[in-house]
Structure formats: C-alpha cells, structure tokens
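The values are calculated or read from the model by the stated rules, or taken from the named source; none is laboratory data. Just so it is clear, the model here is predicted, and its values are computed rather than measured. Cβ placement follows ideal geometry from the backbone for every residue including glycine, while neighbour counts extend to all protein chains displayed. What goes into the accessible areas is simple: the full protein's heavy atoms, side chains included, and nothing from ligands, DNA or RNA. Shrake-Rupley method; radii C 1.70, N 1.55, O 1.52, S 1.80 Å.
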Number of protein chains: 2
Amino acid sequence: MLTEERHKYILDVLNSKGTIHIQEIVEVLNISESTVRRDLSLLEKENKLKRVHGGAALLQQKRTELSMNEKLLHNLPEKQRIGAYAAGLVKDGDCIFLDAGTTTYEMIKHLTAKDITVVTTGITHLELLSDKGIATYIIGGYVRSITKAVIGQTAREMLSKFRFDKTFLGVNGIHIDYGYTTPDPEEAAIKSLALKLGQHVYVLADESKFHEVTFSEIAPLEEATIITNINDPAIIKEFNSTTKIEMVVDK
Amino acid sequence: MLTEERHKYILDVLNSKGTIHIQEIVEVLNISESTVRRDLSLLEKENKLKRVHGGAALLQQKRTELSMNEKLLHNLPEKQRIGAYAAGLVKDGDCIFLDAGTTTYEMIKHLTAKDITVVTTGITHLELLSDKGIATYIIGGYVRSITKAVIGQTAREMLSKFRFDKTFLGVNGIHIDYGYTTPDPEEAAIKSLALKLGQHVYVLADESKFHEVTFSEIAPLEEATIITNINDPAIIKEFNSTTKIEMVVDK
DNA sequence: TCACAAATCAATCATTTTCTTTCATTTTCA
DNA sequence: TGAAAATGAAAGAAAATGATTGATTTGTGA
C-alpha cells in the first residue's frame, strides 16, 4: 500500500463525508494506527485536512461558506480584473448565463455588448442588470440565503429550457484531479446544468481557488475554460495540460 | 462518533428546524447529556448558536429587534404604516405571495411571524427576505426594468403551481366600476393570477390610488380586501358597499 | 402570587479513549 | 549489502466522555 494511495483514500472519504475516523482507516486499509496518525499529521501539514480527536475533518474553510458580503471584500481587485476580461468575451447579440457570485457580479459592470440577453441565478445581479437596460431573466426557485443563489428542482427545470452562447461560472475549488467544486450540492447541480447548456463555458477564478477541493463536484476540468489572474507558470502549465486557461494580463 | 460529526448534526437540525432539544440529541446520537452540553457550550462560544433552557436555538438578531409593530404604527409614513399593518396579518406558518412594489417591500421589514414561506415576483425584495432568514422563492421569468417585477409566460406557469394562505398585492388604480388596475398588461396578468391562488387576498393602497384607473384590469373590487390608511368616511362608505376595506388606524 | 415538583444546569471526578513519543523491526532502493 | 525510510508496537501523557452531585430554572396548581 503506497503512501499516495492511503492519502487519496483519506481525502476521498473526507470529500464525500466531511469527516473520517482513525479506526475506520485502520480497518479498511489494514494498516497500523501509527501509520494512519503519521498520514493525518502529514496531510494536516499540507493543509489538506484538519486533525480532530479520533480522526480528521475537512478544513473549516471548505465546509462553511462565507456570506456574499464577506466574499466581496476578498480579492476584490483581482475579481474586478477577471470580471472585466470576461465581460469582453461577450459579443453583441449573445445570450449568456451568469452564475451567482461576486466575480460574475463584477462582470456586469463591464458588459458593453449590445442586445445581449442574460439569464442568471444570482439575485444580487438583477437590479444592476436591469438598470443597465440588459434583457434579464431570473431563474425561479428557492433563494439560498448564504450565497443569494437560486436553487432547487424548479430552478433546474426552468434552467434546462434555455441554451446559452456562453456560460460564466464561479466555483470554490479548482483541482487537477477533482475538477471544479463548490460546497453546496444544490448549487453544484445548477452550475453543472448551466455548464452543459452553454456552447462556450468559462470559469472565473482568482488564485485562491486553485488546488482547492470543496464538497460537491460540478464538472471535470476539461469542460470549461478557466479565466484567472494567476500568473504562476507552474500552475498554468499544470492546468493547461488538461484544460484551456486564459490569463487576465496584469498591467 | 467524532466531535465534528456531532456538531454538524446539531447545526444541521438547527438550520432546518430553528431549535433543538438536548434530549433529542442524546437519543439520536446515543451520547451522554454531559457531552451534549459540552458541545452546545462550545458551539455557543463559536457563535454558531444560542443556548436556551433545554437545548439551543439559531441566533438571530431579528427576533428581538422587532415585535413592536404596534408601536411603530403611529409615526410611520403612509406606506410603512400600511406595510406594518399588513405584516401583522401574517401568522406563524403562513405561506404568502408578496407582489413587487414599494408598499409590499415595507411589509418585509415588519414581518415577525415564524416559519413563514414567501413567494415573490419582486426582485428588490429578495435580499431583505433572505437576510431575515425567511424561506423565499422567486418566480422565474423576465425582469421588467421599470418596476423590477418578474413577468412573462414562464413566470405565470411557475406561479400557477403555488397556493397561498395570503396574497398581498400592490396596484396603481382602485375604482368602484373598473376594479383594481395597473399599467402593464403582463404585470396585471401576474397579479390577477396570484390573486386567484390566494385564500385571502389583500390589496395595499395609499390614498393616491383611489378613483384612479390605469390600462390593465387585474380583478373586480370584491375579490380582495383593501388595506389603506385613508380615513375619508365618504370613500370608505363608497368602497365598503362593494368590498371589504381595512383601515390602518391613525392615532 | 407562592410554593413545590420536575426538569435542566454547571461543576467535578473517575474512566475510557485517543495522542504523542520513542524505539525496534521491516521494507525499499541504490 | 547497507543506509535511509517506512512501519508497527508500547508506554505514558493528554483529551474526551459519562456519571454524579447539588444548584438553578421552569412550569403547575393552589
């Protein structure tokens, strides 16, 4: 049993259940408690999990989401740059999907294409969109209070009736193995659906999202183009091998 | 059973039900009362909940702030007074429809009933509603930029799947012969539909709306109860012959 | 309003479980 | 083969747990 395999098992269980017991690992992998403890210590040092008495848990950050307002303050200049770049991808007459979230919100301010139609699940986007005179459709459904996103079965049904020239998504995690992820399963389902309905799909992500994995999978990496401000050649190379990645030029 | 798992259970139940009993936790998780108490103390210290005698509750500042609807009624401007009065009609557990518009918006601030569900077409209402922790559904469809109301065929279809204990509408005209009217036919259609789906229907109207007629008919007078601050005996008598009219008392 | 019973609570302590550290053994790989 | 790394076992330390105590709060009925 390779160390890598053990680590993968531990992280897999964590990502699907949120917590893991030492005893469980000992029994399933048939290794000693000492080894498990060493593994957990190591993974903790790499910031992959948090050790707790009796086992381990996902990092707090990945389980609990920040509220919309808290998020907005985070990496704001980067988000604005990414938003502006993404807005430039929208052409006259396009019909686009705009995900809920702060980065896509920044996009709206920079939208200049004419005669575009925007479909969104982000209730914070609506006033700004319609004030700008953009033809706006809101997907109906339950309003999730933390993220101010519309979710639920009704929402998926309504969304599935649209087709988009371009889909713009926000995500919480981008990982070479686990793809795009977000904490809430319902939101992941919506994002995943919007992704399938878009001819071109873009994921907007500042650097804090890379190498992160959160609870719910949206799609594998290759199904979208990443738009980011990151300019670490190593990371770009790493992800470019699997998917397309467009950089916002840092001036 | 990991501490994290217990905490997750407690917070999950809290988020879905609002309160939790210690005994319930003891039985479900099969752990001692001591441990439960320790967990609750810890979570309270982390600001995740508030301990109450016998268990714990979600912490919500809103609970204490309001509840003084009555007092506020005196010195509020018209719309707020009407909104506050209407909010008082909403009882625990109600499922209500809230029309788009400024008067219905005022209602939200004064909503204090517990466990209510709100369905709305007013996109300006959404953030406030969900910030207050109210279960909120947005009707999907086209966002009309002037009134920030959701309209269209999709909206009517989605709306028609709901039933409401109470429907609260705003209108532009109230006339003894022409009934309730509003300028936009699409909005009229939505209002008319919401009216049919409500067990009790209330129209919120300040005095400027009386004797006015606008382009599109919503419904005849008798299909709703008017809530107004007007106190002209002549007008009250005139409309009372056809429908019910409730006055916000001016003290 | 009052008193009383029942329920809930905080504090304490013995017990159990888990953790860290250390060291001997096994495995890996040059 | 031999050094380095990984593993497992064990002992004492630390943490978590559950039971018990007496104090406090709550609800009930006079």
Any residue in region A:180-193 that is surrounded by fewer than 22 Cβ atoms within 10 Å (Cβ to Cβ) and either polar (S, T, N, Q) or within 11 Å of chain B (Cβ to nearest Cβ) (or both)?
yes
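Within region B:157-179, can you find the residues that are within 14 Å of another protein chain (Cβ to nearest Cβ) and of a type in the set (Ser, Thr, Tyr)?
The answer is B:Ser160, and nothing else.
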Residues located in region A:17-29, provided they are more than 14 Å from DNA strand C (Cβ to nearest atom), in contact (Cβ under 8 Å) with a residue 24 or more places away in the chain and open to solvent by 20 Å² or more (accessible area, probe 1.4 Å):
A:Leu29
One residue from B:Ser216, B:Ser241 being over 20 Å from the mean Cα position of the chain (by Cα), surrounded by fewer than 13 Cβ atoms within 10 Å (Cβ to Cβ) and in the same structural domain as B:Gly170 (by TED's automatic domain parsing):
B:Ser241
Going by the structure shown, is B:Val203 within 18 Å of the chain's Cα centre (by Cα), at pLDDT 95 or above, surrounded by 16 or more Cβ atoms within 10 Å (Cβ to Cβ) and more than 25 Å from A:Ser130 (Cα to Cα)?
yes
Every residue in region A:1-11 that is open to solvent by 50 Å² or more (accessible area, probe 1.4 Å) and part of a helix (DSSP H, G or I), please.
A:Thr3, A:Glu4, A:Glu5, A:Lys8, A:Tyr9
Which members of region A:43-55 meet the condition of being open to solvent by 30 Å² or more (accessible area, probe 1.4 Å) and touching a helix residue (DSSP H, G or I) at 6+ places or on another chain (Cβ under 8 Å)?
A:Lys48, A:Lys50, A:Arg51, A:His53, A:Gly54
Exactly one of these conditions fails for A:Val28: (1) among the hydrophobic types (A, V, I, L, M, F, W, C); (2) away from chain B (no Cβ under 14 Å); (3) within 12 Å of DNA strand D (Cβ to nearest atom). Give me its number.
(3)
Is it the case that A:Ser216 is of a type in the set (S, T, N, Q) and either in contact with a Cys (Cβ under 8 Å, 6 or more places away or on another chain) or within 24 Å of A:Gly140 (Cα to Cα) (or both)?
yes
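Return the residue satisfying two criteria in turn: it lies in region A:94-147 and is of a type in the set (D, E, K, R) and in contact with a strand residue (DSSP E or B) (Cβ under 7 Å, 6 or more places away or on another chain), and of such residues it is nearest to the other protein chains (Cβ to nearest Cβ).
Among those residues, the one meeting the criterion is A:Arg144.
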